[in-house]
Structures are given as C-alpha cells and as structure tokens.
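The values are calculated or read from the model by the stated rules, or taken from the named source; none is laboratory data. Computed from a predicted model, the values in this text were never measured in an experiment. Cβ sites come from the backbone with ideal geometry, for glycine too, and all protein chains shown count toward neighbours.
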Amino acid sequence: MTAVLLDGIVLGLQFGLLGVGLTVVYGLAGVLNLAYGPIAVAAAVAVSLSMQSGLSAGPAVLLGILTAAVISLLLNFTILQPVYRQEGETRVLLSLLLTIGVAFIIDGILVWRYPIEGLSLNIGGDPVSILGVPMRTGSLLASAIVILTGGALIAFFRATTTGKAVRSVIQDEVGARLCGVNPARVRALIFALSGALAGLVVVTEAMASPVTISAGFRLTILALLVTVVGGLGSIRGAFLAGLILGIVNSVSSFYIGAYITTIILLGAAALTILVRPSGLFGKHA
Amino acid sequence: MLEVSELSTGYGAKDVVRGVSIDVREGEAVAIIGSNGAGKTTLLRAICGLLPVSSGVVGYEGRAITNLRANEVARIGIAFVPAERHLFPEMSVAENLALGAYPKRPDAKQQSLVLELFPRLGERSRQAAGTMSGGEQQMLAVGRALMSRPRLIILDEPTTGLAPRLATQAYESLAALRVQGVTILVAEQQVPLALRLADRGYVLENGEIQLEGPAAELRDNPTVRRAYLGIA
C-alpha cells in the first residue's frame, strides 16, 4: 500500500505541475489551450532528436523545454491574437476551437514526420529505499525536479514583483492596467512558462516510462481534469488536485486495473465538480 | 497640467460624450458633477486610456496622450481610481499597495504617507482586500493609486456605496491629499461634497458641458441649486 501511495504522489506531483501550466493560461488569458498536450509531446520529440544527433541529456532536455516554450509563445502571438479581442464566453469558446485545430496540426506533423519517435530517459543507479519501499532513481529524480520547480513557481508568484503582476492580471485585469501592468507582456511571459512546464513534465514522465508521440491527447485531458478539479485559474488548486488525482490514479490502477482507471479519474473529477462546482479553489466557490 | 479639448467618446458607433473640454491646473482640485448617466465615467475612462477616444485631444503636461493605453497612462504620473475600485480581491492589503508602486518596489516613505492618511490600512495589512468593508476598500483603492506617487489623481465617484458619514470621511482624506500638493480631478454625484473640496467645477449633462466656473459660483448658481443641491 505504501508503495502504491508513493507512486501516486510521484505521479500526482507531475499532474499538478501539468495542471499549473494550463490553469495559469486560462486564469490569465481566458484561453483553454487544447494544444497543450501536443506541445508537450513536441518537446519530447525535440529532446529525443537532439540526443540522437549526439547532444547529451542535459542540453537536450533544455532544448526540448525551450521548443515547447517557443511553440506556446508563437501560439500567443499569432492565432490567439483575434481571440483577445473577444471577451468572456466567446473568448473561451473561440480559444477552444482554435487550439483544438492547432492540436491536430502539431499531432499531424509529428505522426507524419516522426511516427516511431518517442522519449525514454533511463536514469541509472540502484533503487533507493524510501519508507521501506524500493523506488527507482528515475522516479525520485523526476519528483525532485517537479518539487523544486513547484517551489520555485510558488516563490515566483508570491514574492517577486513580476509574479505579483501576473496574479494581479488574473484577479482584475483593469486594476492591473491601472497599476501600470502591461497585460500583453504578462501574457507572453505566461505562455512561455506554460509551454516550458508542459515540456518539463513530459521529460520527468520519460524518466519513469517511455512517452510516445500519441501521448498528446491524454496529456491535454489530464491537464484539463487537474485544472477543473483544482478550480480554473487556481495555482494551489492545481497542485492539490494533481496530488489527489495522482493518488487516485495509482490506487485504482493497482487494485482495479489500468483500463478502468481513466473512467475512475473522470468519475473523481465529476464528483468534485458536483460537490464544488468551481473546483477546490475556484474563483466563485 | 491636464487639458482635454473637444473630446468625444463612447461605446460603439454613438458617442456618449461629445466635444467636452476641461482643464486642470497644477495643485488644483476640480470636480465634474452631473447626474447618473451624464457621461462622467465615460469621460474619465477615455482620459485614462480605458476607452478609445473618437475625436479630440487629451493633453498632459504639454504632451498629447490621447489613446495612450491605460497601463502607460499609469506610468506618467496619472493615477485613476475607478468607481468599481478594481482591487485584487484575493491579495492582501499590503500586496495591493505594493502593486500600486509597480514596476518599482514600494517606496517606504510613500507607504508611510499612505498609512498615515489611512491608518486602517496599516491595521489590516494582511487581510485579503475582497473581505474588507466598502469604506476600507475605497481607502485601499485610493491608497494603491497613491503608491505610484502620482502628480494627478483622478477619482470616479469615490463615495459609491458608502454611508454618508464614510462619504464625508473620504472627502476629508482627499482634502488632506490636496494639502500635500496632489492635483485632483473628481467626478461626483454627491455635489455638495465635491463642491466643498473643489476649486472649480464642470457640470456635465447628456454628454456635454453645461456649465463651468469656480466652485463657489456653482454652489450659488440657481440651476445647480435646484438640480443637485435639492434647494428650490
């Protein structure tokens, strides 16, 4: 049982970070980015290709994360520009339609050009015993990276002037502008951050199990689930929801079965929304 | 300091405010009075860059700032306090104040000035802005605006949602601000309060300036007395 729980926590931390990348963009720009998963996969492919061309793992990973950040930024500066002229529900709907199109395009390019590509990062070393459970070094390293990144993110949003400016735009865009914050610049920053997080999560995933190019859809759905359960736009909500869903995922795939797990995850999400319609830390809860 | 000439603006095709000219000199307090829906908010939003100007010029210290975006206007020494306040509800009082100084770090001297003006904000510095009372939120909105050390502060209906006693207090703090040399432009429905603070005033009705002059003169004007002061 301890092993299953620990597995769940490792997974949940990744889920959380994945959700944060999607939720900040929604909170900030009113955009639900359905191309989020495929962007993550593009990062994985970039890492894999760079390693094949002789780059060592560290720089390759950085290059992959950078790739995802750049794609995400491009999205912000091109196809999403007309979306920003709309407000409220129209904006959300329009962003859904456009980003699902982008998702298909990225997915299509990947399947066409790199059909058998995938990313698997083997971290050597003997298993380390934690609470009497032998854990793979890869999982531990992945968790360490995720925890450090999460901590750095929280510190950034709480303590830095730029981080506060980001939160100000999320909470009241007019108020932020009156304080001299330029929402367009904050948006660019957050899109880059979101892409980078997608890339980072997929890299940490690859440390435990291979990521194939078909993972995009699953990653998007997962991020959406975390975002909705945590409350759209809530950063701490995403972390908490990620942990919960990660543990649910591990427990259910161990005791019930992997195929049913997706349904159980959806059920857990539906249940949360039934009890708290705007999620754990939703704006209007 | 602020010169608005022949300004027209509105939402969509039809201009709500038409050909309005007002000016505010350094160190002055100027009131724009008028009934609900007269166009006061629309005018102020256009000056501050929250609403596009369809024609006319907004000049600030000899330079045209027409259609400068709100976040840029905020950085050239003009602070706007909207009637809806637009605070950051989930952030603490201290964080709201700190963002007022954006992009700089909050200036300690300015912060103590603000807290001197509104001691309540110091007592509540860790409380979330959204959980405060209307009067406290109004203080915070003005305090946040002051953190940028503005030379001109523009307020839209600072008494919105305040009980009479609190409304009077709000104007007392504005009077204290004046003494410190901050130039004030205020739009107000509560005409007696506004005319007591202001040196000069404009009467805005149906999107046009109907009347202007020194505050004392406006107070004695029969039309103003009848329409806004409730005196026959």
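If the requirement is being within 14 Å of chain B (Cβ to nearest Cβ) and under 19 Å from the mean Cα position of the chain (by Cα), which of these qualifies: A:ILE244, A:ILE170, A:ILE221, A:ILE190?
Of A:ILE244, A:ILE170, A:ILE221, A:ILE190, the one residue that is within 14 Å of chain B (Cβ to nearest Cβ) and under 19 Å from the mean Cα position of the chain (by Cα) is A:ILE170.
Of everything in the stretch B:13-37, what is hydroxyl-bearing (Ser, Thr, Tyr) and more than 27 Å from B:ARG151 (Cβ to Cβ)? Give them in sequence order.
B:SER35
Is it the case, given these coordinates, that A:VAL202 is closer than 29 Å to A:GLY118 by Cβ and not charged (D, E, K, R)? Talk me through it step by step, then tell me what you get.
Values: closer than 29 Å to A:GLY118 by Cβ: yes; not charged (D, E, K, R): yes.
Yes: the conditions hold for A:VAL202.
Just checking, which of B:GLY122, B:GLY56 is assigned to a strand (DSSP E or B), more than 9 Å from chain A (Cβ to nearest Cβ) and not aliphatic (A, V, I, L, M)?
Going through B:GLY122, B:GLY56 in turn, the sole match is B:GLY56.
Sort through A:PHE191, A:PHE217 and tell me the only one that's of a type in the set (A, V, I, L, M, F, W, C), assigned to a helix (DSSP H, G or I), in contact (Cβ under 8 Å) with a residue 12 or more places away in the chain and surrounded by fewer than 22 Cβ atoms within 10 Å (Cβ to Cβ). Give the derivation first.
Numbers: A:PHE191 fails: surrounded by fewer than 22 Cβ atoms within 10 Å (Cβ to Cβ).
Of A:PHE191, A:PHE217, the one residue that is of a type in the set (A, V, I, L, M, F, W, C), assigned to a helix (DSSP H, G or I), in contact (Cβ under 8 Å) with a residue 12 or more places away in the chain and surrounded by fewer than 22 Cβ atoms within 10 Å (Cβ to Cβ) is A:PHE217.
Could you figure out which of (1) over 30 Å from B:ILE209 (Cα atoms); (2) free of Cβ contacts under 8 Å to residues at least 60 places away in the same chain; (3) surrounded by fewer than 22 Cβ atoms within 10 Å (Cβ to Cβ) isn't true of B:ALA129?
The number of the failed condition is (3).
Checking the conditions here, which among A:LEU140, A:LEU197 is within 19 Å of A:ALA69 (Cβ to Cβ) and under 22 Å from the mean Cα position of the chain (by Cα)?
Within the list A:LEU140, A:LEU197, the selection yields A:LEU197.
Are there any pairs, at least 6 apart or on different chains, whose C-beta atoms fall under 8 Å, with the first in the stretch B:65-90 and at the interface with another protein chain (Cβ under 10 Å from one of its Cβ atoms) and buried (at least 17 other Cβ atoms within 10 Å of the Cβ) and the second assigned to a strand (DSSP E or B) and acidic (Asp, Glu), and if so, which?
Hits for this filter: B:PHE80/B:ASP156; B:VAL81/B:ASP156; B:PRO82/B:ASP156.
Any chance you could count how many residues in the stretch A:1-26 are of a type in the set (S, T, N, Q) and either under 8 Å from the mean Cα position of the chain (by Cα) or closer than 28 Å to A:LEU131 by Cα (or both)? Give the derivation first.
Our first condition is that a residue be of a type in the set (S, T, N, Q); within the stretch A:1-26, this holds for A:2, A:14, A:23.
Filter once more, so that each one left must be either under 8 Å from the mean Cα position of the chain (by Cα) or closer than 28 Å to A:LEU131 by Cα (or both): A:2, A:14.
Adding up the residues that qualify gives 2.
May I ask you to list the residues in the stretch A:102-127 that are of a type in the set (D, E, K, R), under 23 Å from A:VAL83 (Cα atoms) and surrounded by fewer than 19 Cβ atoms within 10 Å (Cβ to Cβ)?
none
So B:GLY49 ticks every box in (1) part of a loop (DSSP other than H, G, I, E, B); (2) within 14 Å of chain A (Cβ to nearest Cβ); (3) over 22 Å from B:VAL20 (Cβ atoms) but one. Which box is left unticked?
Every condition holds for B:GLY49 apart from (3).
Go over the candidates B:LEU117, B:LEU152, B:LEU113 one by one and state the one that is over 25 Å from A:ALA159 (Cβ atoms), among the hydrophobic types (A, V, I, L, M, F, W, C) and out of contact with any strand residue (DSSP E or B) (no Cβ under 8 Å at 6 or more places or on another chain).
B:LEU117
Looking at the stretch B:91-103, which of the residues that are of a type outside the set (A, V, I, L, M), outside any loop (DSSP other than H, G, I, E, B) and without any contact (Cβ under 8 Å) to a residue 40 or more places away in the chain is farthest from the other protein chains (Cβ to nearest Cβ)? Step through it out loud before you land on a result.
Let us first name the residues in the stretch B:91-103 that are of a type outside the set (A, V, I, L, M), namely B:92, B:95-96, B:100, B:102-103.
If we keep only those that are outside any loop (DSSP other than H, G, I, E, B) too, we end up with B:92, B:95-96, B:100.
Narrowing the set further to residues that are without any contact (Cβ under 8 Å) to a residue 40 or more places away in the chain leaves B:92, B:95.
Details: B:SER92: 11, B:GLU95: 6 Å.
It comes out as B:SER92.
Kindly indicate whether B:ALA108 is surrounded by fewer than 23 Cβ atoms within 10 Å (Cβ to Cβ), closer than 25 Å to B:LEU204 by Cβ, of a type in the set (A, V, I, L, M) and more than 14 Å from chain A (Cβ to nearest Cβ).
no
Within the group B:SER54, B:SER125, which residue is of a type in the set (Ser, Thr, Tyr), modelled with pLDDT under 95 and closer than 11 Å to B:LEU140 by Cβ? Before you say what the answer is, go through the steps one by one.
Numbers: B:SER54 fails: closer than 11 Å to B:LEU140 by Cβ.
Sole residue among the options that is of a type in the set (Ser, Thr, Tyr), modelled with pLDDT under 95 and closer than 11 Å to B:LEU140 by Cβ: B:SER125.
Any residue at all in the stretch B:41-49 that is farther than 19 Å from B:GLN189 by Cβ, surrounded by fewer than 23 Cβ atoms within 10 Å (Cβ to Cβ) and β-branched (Val, Ile, Thr)?
no
Kindly provide the set of residues from the stretch A:123-161 that are more than 14 Å from chain B (Cβ to nearest Cβ), among the hydroxyl-bearing types (Ser, Thr, Tyr) and not in a helix (DSSP H, G or I), ordered by number.
Once the filter is applied, which keeps residues that are more than 14 Å from chain B (Cβ to nearest Cβ), among the hydroxyl-bearing types (Ser, Thr, Tyr) and not in a helix (DSSP H, G or I), the stretch A:123-161 yields only A:SER129.
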